[in-house]
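Single-structure report; data block below.
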Amino acid sequence: MDIMRKAFQMFDTSKSGFIETLKITTILNTMGQMFDDKELHDLIEENDPDDTGKVNFDGFCTIAAHFIEEEDAEAIQKELKEAFRLYDREGNGYITTSTLKEILAALDDKLSSSDLDGIIAEIDTDGSGTVDFDEFMEMMTGD
């Protein structure tokens, strides 16, 4: 549940309580979830009956929960560790906020530079310019 709330908040950059249904694909991909496009499309239609192109958190959970199983949580953590390791090339145990910006931009090309700065400011609370694995995990999973 925390993972989904964190993912939702990351993509609800305007804090409107809604995310664009298009972003659900990105979120599921980010979480390393396998999903069937048609199945996802049907679920989105069910949860966005008026075809607004947006869903609220409950709608998002309903959709995402369909693809995420509890035992996947550990797998997600492993994948996040891998992702982190890829970017922490020197093995320092941290990545720079500029690297994190690149990761986020790659995950969602609709995020503007100021969206990214906002996300970074939330994560790098001590203003160190770096993000360690725990901060990274917390951002990605809310744990």
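Read the figures in this text as sums done on the coordinates, not as results from a lab. These numbers come from a predicted model, not from an experiment. Using ideal geometry, Cβ is built from the backbone for each residue, glycine included, and neighbour counts are taken over all protein chains shown.
Report, in deg cm²/dmol and to the nearest 500, the calculated mean residue ellipticity at 222 nm for the chain, where each DSSP H run with n ≥ 4 adds -39500 (n - 2.57) and the sum is divided by the residue count.
One gets -18500 deg cm²/dmol as the mean residue ellipticity at 222 nm.
Over what distance in Å are the Cα centres of segment 76-143 and segment 11-53 separated?
The two parts, judged by their Cα centres, are 22 Å apart.
Please identify the helices of the chain, taking whole runs of DSSP H, that span at least 27 Å along their own axis as judged from the Cα atoms and have a mean Kyte-Doolittle score of -1.0 or higher.
Helix filter hits for the chain: none.
Going Cα to Cα from residue 81, which aspartates and glutamates come in below 15 Å? Please leave out same-chain ones fewer than 8 positions away.
Hits, sequence-local ones excluded: 72, 90, 132, 134, 135, 138, 143.
Mind checking which of 87, 8, 52 is farthest towards the positive end of the chain's charge dipole, using Cβ charges of +1 (Lys, Arg) and -1 (Asp, Glu) about the Cα centre?
87
Near residue 54, which lysines are there with a Cα under 16 Å away, not counting those fewer than 8 places off in the same chain?
15, 23, 110
Can you list the residues, at least 5 places off or on another chain, whose amide H is less than 5 Å from the amide H of residue 18, using H built in the peptide plane?
none
Read phi for every residue in segment 48-54 and hand back ³J(HN,Hα) as whole Hz from Karplus 6.51 cos²θ - 1.76 cosθ + 1.60, θ = phi - 60°, with x for Gly and Pro.
9, x, 8, 6, 7, x, 9
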